Structures are given as C-alpha cells and as structure tokens.
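Here is the structure we will look at, set down as structure tokens.
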Amino acid sequence: MKDKQKAIILPLIVFLINRVSLFFIVYLGLLIYPPCQGPELWRSFPHNLFLDGWARWDSSWYFSIVKHGYSYVPDQWSNIAFFPLYPLLIKIFNPIFKYLPLTGIVISNVCFLMSLIILYNIAKRKFGETVAFKTLLFFVLFPFSFFFSAPYSESLFLLLALLSFYYSEKNKWGIASFCAMLCSVTRVVGIALLPALLLKYLEKIKFDFRKIKSNVIYLFVIPMGILCYMFFLYVKFGDPLLFLKVQQTWERHIFNFSPHLYVLSHIPRNYLDILHLFNLVLTIFFGYLLWPVFRYLGISYAILSLSLIFIPFITGLESMGRYLSVVFPPFIIMGYIINNPKIYYSLSILFTILLIGFSIFFSHWGWVA
C-alpha cells in the first residue's frame, strides 16, 4: 500500500471501528434503559435509537440559530454565545438531509474523519507512522471524544485548527490563514491561532526578521472572522462584545477560580463534584504535557495548546473535558513519549471505559460537558 493511500485508509479504518462501535454501544444503552422524557428533554430521533442519543444539550442552540436566527433577552441564556459558522453549515447542507439533527450529526462526523486524516499526517511527518497511529488511538478513545459525533462545533473547530497548522507546515500561509479565520468564527478561542501561526511563521524563518516576506500579511486575515461576528452583533444588538457578556448567564466569568478552590478544599459529594475533579486532573495532565509539546513540536504548538487550555480554564471547570478534546498537540506528544506498553495499554483501557460511560450518560441526558 502506498504511503499516501495508507495515510487516508488507516485513519478511515480507525474512525469506522471507533465510531460504529460507539454508536452501537449508545444504541444498546438506549435500548436497555430508555432515556428520561420531559418538556426540556426532547428527542430528535425517538424511533431511531441508533441516532437518538447524539442530539442533546447545546445542540438545540445551534438548531435555534438555523431556525430563528440570533436572539437576545437580557439576563437570560442566549444563542449569541454560539458562533455562526457551524449553524451556517447546517443551514447550507440541510436541504440534502432534510432534518437539522441529522445534518448536524453528518457534518460533525465528516469533519471528525477529515480531522483524523490531517492529524495522522501531521504526527507522521513529525515522528513517523507508529507515533501517528498511537496519536489516533489516544484521540478517538479520549473520554470526551464522543462530542465529535454530536451536533456540536468541536469537530469543525478541530478540523480548521488542524488544517491551519497542516498548511503552515507547508508554508502555504494564505490557506492556513483562511482556515484560521474560519476557526475564529467557529469558537471564540479560534483567535488563539493568530499568535500561534505568527510564531510558526517566525519558526520557519528561524526568527530572522530580515527573512520576513510579504506573505506575512496573510496572517492578519485571521481576526476577520471574529470581527465580522462582532460587527454583526453591533449592528443587530448594539454591542459587539455581547457574546462574552451572555456567558455570565452560564456563570462563566473571567478569572473565576471559585470552582477550582471548591474542588480542592472539599471531598467530592456528588457526581458533579467528581466530574469537576476529573476535569481538574485532566487539565493538570494537559498542562504537564505543555513542556514536551514545546520541546518536541515547537513554540507555536505550545502557544496554541496553552491558549486553548488556559482561556476556558480561567472561567471555571465546567466543560473542561470537552474543551480539552480539541487541543491536539498533547495527543501527538502522548503518542511520542508514552512508550511503556503497560502505561500505553492502561491509559487506553481507562480512556475506553470512560468514553463508553460518558457517551451512554450523555445519551440519557446526563450532564457531561
């Protein structure tokens, strides 16, 4: 098999085995123990349990944007917190699939498959096939990776971030910057790609400023995505920063460390306490990996990882597992530095058990992230 074919077929096989298994496990969970039902516990596929467990929680916000556009009522939850590119794609492709939840699931899974292909190629180029394959396994088995198959924006954000770095490695700064711009209109943390790609550019020229060329201008296209969304909010609602302000209705505040202190100072009393503690442990683990990311992948990957970890972390612990799922450089490093078979298999088994548990819990309207 040629290398180019293998670089596509292997991620495809990993994707199919992982996702088909996960969909089947969620199906069995719903079949054996039906989910709770109520006015707010809607079911998008009540007669198709194979798909029913995936459209939950925040996916409704994206559907509301597609159906009714953006709306805002002071001191209430608002879909303004959710950036427009993902719902825009749902609206574009919905005429094909005819049903918003199905369209969202298809888009998420296609983006996830493409992400795995790009991730494999980046890891292979850096460290070889063995590390690339281990990276894929760690990534698809990560306890919160089920979000990449749900109607959430994680898979689209991941794909665009990976494409940005993939093309920056090839010195194709126009394409890299365009992907990063789209990333900044997918999630607010997409703006972190600006300093990351700027550092990647400087790495490429070995920080010799005399070698800067006119193609550096492409990088300044990156903020245009979020700026366009801010301009839209200003025109419609009179406040370009409204997407930040509505976060307060979810009790997310900048430098809000009370959840962190609570977890550290109390014995876990319920499921949410345990989940927040787990999120804190995961965050510390990813923070520990920042140094090897810097050492083996470079400062650009390290800055991106730091930004994607730090920005949500300073607003609380809730949903940190989901936010960490898109921080791809530490997964590459896990594939590179974890060579002990016992550690490798133990971590893979632990990830798998948690992934299955969280996926089933999520499908039954349990809060995961």
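Within the stretch 70-94, no residue satisfies the criterion of being part of a helix (DSSP H, G or I) and more than 27 Å from Ala180 (Cα to Cα). Leu233 satisfies every condition listed in (1) open to solvent by 80 Å² or more (accessible area, probe 1.4 Å); (2) touching a Phe, Trp or Tyr at 6+ places or on another chain (Cβ under 7 Å) except (1). Filter the stretch 82-135 down to the residues that are of a type in the set (A, V, I, L, M), open to solvent by 20 Å² or more (accessible area, probe 1.4 Å) and under 19 Å from the mean Cα position of the chain (by Cα) and list them by number. Passing the criteria: Leu85, Leu88, Leu89, Val106, Val110, Leu113, Met114, Ile117, Ile118. Candidates are the residues of the stretch 64-81 that are surrounded by 13 or more Cβ atoms within 10 Å (Cβ to Cβ) and free of Cβ contacts under 8 Å to residues at least 24 places away in the same chain; the one that is nearest to Trp250 (Cα to Cα) is Asn79. Yes or no: Phe50 surrounded by fewer than 21 Cβ atoms within 10 Å (Cβ to Cβ), assigned to a helix (DSSP H, G or I) and not polar (S, T, N, Q)? In short, yes. Taken over the stretch 204-230, residues that are open to solvent by 100 Å² or more (accessible area, probe 1.4 Å) and either in contact (Cβ under 8 Å) with a residue 12 or more places away in the chain or part of a helix (DSSP H, G or I) (or both) amount to 6.
The set of residues in the stretch 27-47 being of a type in the set (A, V, I, L, M, F, W, C) and not in a helix (DSSP H, G or I) consists of Cys36, Leu41, Trp42, Phe45. The residues of the stretch 122-143 that are out of contact with any Leu (no Cβ under 9 Å at 6 or more places or on another chain) and of a type in the set (S, T, N, Q) amount to a single one, Thr130.
Among residues of the stretch 23-40 being at pLDDT below 85 and open to solvent by less than 50 Å² (accessible area, probe 1.4 Å), the one that is farthest from Ser145 (Cα to Cα) is Gly38. Of the listed requirements (1) under 23 Å from the mean Cα position of the chain (by Cα); (2) closer than 25 Å to Asn94 by Cβ; (3) surrounded by 15 or more Cβ atoms within 10 Å (Cβ to Cβ), Val20 misses just one: (3).
Restricting attention to the stretch 147-198, the residues that are under 28 Å from Lys211 (Cα atoms), aliphatic (A, V, I, L, M) and open to solvent by less than 10 Å² (accessible area, probe 1.4 Å) add up to 8.
Scanning the stretch 256-275 turns up at least one residue that is modelled with pLDDT under 90, touching a Ser or Thr at 6+ places or on another chain (Cβ under 8 Å) and surrounded by 11 or more Cβ atoms within 10 Å (Cβ to Cβ).
A residue that is out of contact with any Leu (no Cβ under 9 Å at 6 or more places or on another chain) and of a type in the set (Val, Ile, Thr) cannot be found anywhere in the stretch 74-90.
Pairs are defined by a Cβ separation below 6 Å, a sequence spacing of at least 6 or placement on different chains, a first member in the stretch 249-277 that is over 18 Å from Leu324 (Cα atoms), and a second member that is in a helix (DSSP H, G or I) and among the β-branched types (Val, Ile, Thr); the pairs so defined are Pro268/Ile274.
The values are calculated or read from the model by the stated rules, or taken from the named source; none is laboratory data. None of these values were measured; they are calculated from a predicted model. Because the Cβ atoms are built from the backbone with ideal geometry, glycine has one as well, and the counts that use them run over all protein chains shown. Just the protein is used for accessible areas: all its heavy atoms, side chains included, with ligands, DNA and RNA removed. Shrake-Rupley method; radii C 1.70, N 1.55, O 1.52, S 1.80 Å.
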